[in-house]
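Enquirer: The structure that follows is given in the form of structure tokens.
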Amino acid sequence: MNDLTTSEPDLMEPTRWRKNGWFAKVIKNEDDDGWAVEIRKAGLSEPVLVSPWVMGRDKKNPKPFDANAFNTFVKTATEVLDRSHSQREAALKKTLAIASGGRWFQVTLEQVVDEYEPHAYLRAVDDGGSTVASYRVEPGFKFTREVANAWVSSGFVAP
């Protein structure tokens, strides 16, 4: 956890900006002689984004930060967080559409991340949106199209 909170007052300096729980700071780029911008969000321990930043007119110091640059970096950092969240969700939830007996089912395996008792849920939802079966399974449950077809064909017998 970092020391940035959403209740801190806005800050608008040439190399540091803080607004609405976001903090941008111009830092020395360790890879070359240039500059970078580090974008942090309140409550997160790591920067969301580190991006190159341009030199000022003197070709030595960084260009001063402005509202447009800050807003652009916040928008980009928000998109990075959104993509990261979507990827995490996709990795934890697998879904297959299965046809059986003239009906369609959406079969889902959803991992539950738990430090002490990780597990998963195997669920089937019919084409009307009703849950027809739901079982808690081991986190390593093998979820393939063949397994899902067999489960639906068996009448959703506990795996």
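The values are calculated or read from the model by the stated rules, or taken from the named source; none is laboratory data. This structure is a prediction, so every number in the text was calculated from the model and none was measured. All Cβ positions, glycine included, derive from the backbone under ideal geometry; neighbour counts span all protein chains shown.
Enquirer: Looking for whichever is farther than 30 Å from ALA150 by Cα and in a strand (DSSP E or B) here; the options are PRO52, PRO47. Which one fits?
Expert: PRO52 is the lone residue from the list that is farther than 30 Å from ALA150 by Cα and in a strand (DSSP E or B).
Enquirer: Being outside the structural domain of GLU110 (by TED's automatic domain parsing), farther than 30 Å from ALA124 by Cα and surrounded by 13 or more Cβ atoms within 10 Å (Cβ to Cβ) is the requirement here; does VAL54 meet it?
Expert: The answer is no for VAL54.
Enquirer: Could you tell me which numbered condition GLY43 fails, if it satisfies all but one of (1) over 20 Å from GLU8 (Cα atoms); (2) loosely packed, with under 14 Cβ neighbours inside 10 Å?
Expert: (1)
Enquirer: Quick one: ARG40 ticks every box in (1) touching a strand residue (DSSP E or B) at 6+ places or on another chain (Cβ under 6 Å); (2) of a type in the set (D, E, K, R); (3) closer than 30 Å to PRO139 by Cβ bar one, so which box is it?
Expert: (3) is the only condition that ARG40 fails.
Enquirer: If you don't mind, there's one more thing I want to ask. Could you give every pair whose Cβ atoms fall below 6 Å, whose first residue belongs to the range 141-158 and is within 12 Å of ARG123 (Cβ to Cβ) and touching a residue at least 24 places away in the same chain (Cβ under 8 Å), and whose second residue is of a type in the set (Val, Ile, Thr) and buried (at least 16 other Cβ atoms within 10 Å of the Cβ), counting only separations of at least 6 or pairs across chains?
Expert: Matching pairs, first to second residue: ALA148/ILE98; ALA148/VAL107; VAL152/ILE98.
Enquirer: Also: Considering only residues that are touching a residue at least 12 places away in the same chain (Cβ under 8 Å), closer than 22 Å to TRP104 by Cα and of a type outside the set (Val, Ile, Thr), which ones fall in the range 118-135? Give the steps one after another, and end with the answer.
Expert: First, the residues of the range 118-135 that are touching a residue at least 12 places away in the same chain (Cβ under 8 Å): 118-127, 132-135.
From what's left, closer than 22 Å to TRP104 by Cα: 121-127, 132-135.
If the condition is that a residue be touching a residue at least 12 places away in the same chain (Cβ under 8 Å), closer than 22 Å to TRP104 by Cα and of a type outside the set (Val, Ile, Thr), then TYR121, LEU122, ARG123, ALA124, ASP126, ASP127, ALA133, SER134, TYR135 are the ones that fit.
Enquirer: Here's another thing I want to ask about it. Collect the residues in the range 115-159 that are closer than 14 Å to ALA99 by Cβ and among the hydroxyl-bearing types (Ser, Thr, Tyr), keeping them in residue-number order.
Expert: Result: SER153, single match.
Enquirer: Additional query: Considering only residues that are assigned to a strand (DSSP E or B), of a type outside the set (Lys, Arg) and more than 19 Å from the chain's Cα centre (by Cα), which ones fall in the range 14-37?
Expert: Scanning the range 14-37 gives TRP17, PHE23, ALA24, VAL26, ILE27, TRP35, ALA36, VAL37.
Enquirer: Ok, one more. Given the residues ARG123, ARG145, ARG136, which is the only one that is surrounded by 14 or more Cβ atoms within 10 Å (Cβ to Cβ), of a type in the set (Lys, Arg) and modelled with pLDDT of 95 or more?
Expert: Only one candidate qualifies: ARG123.
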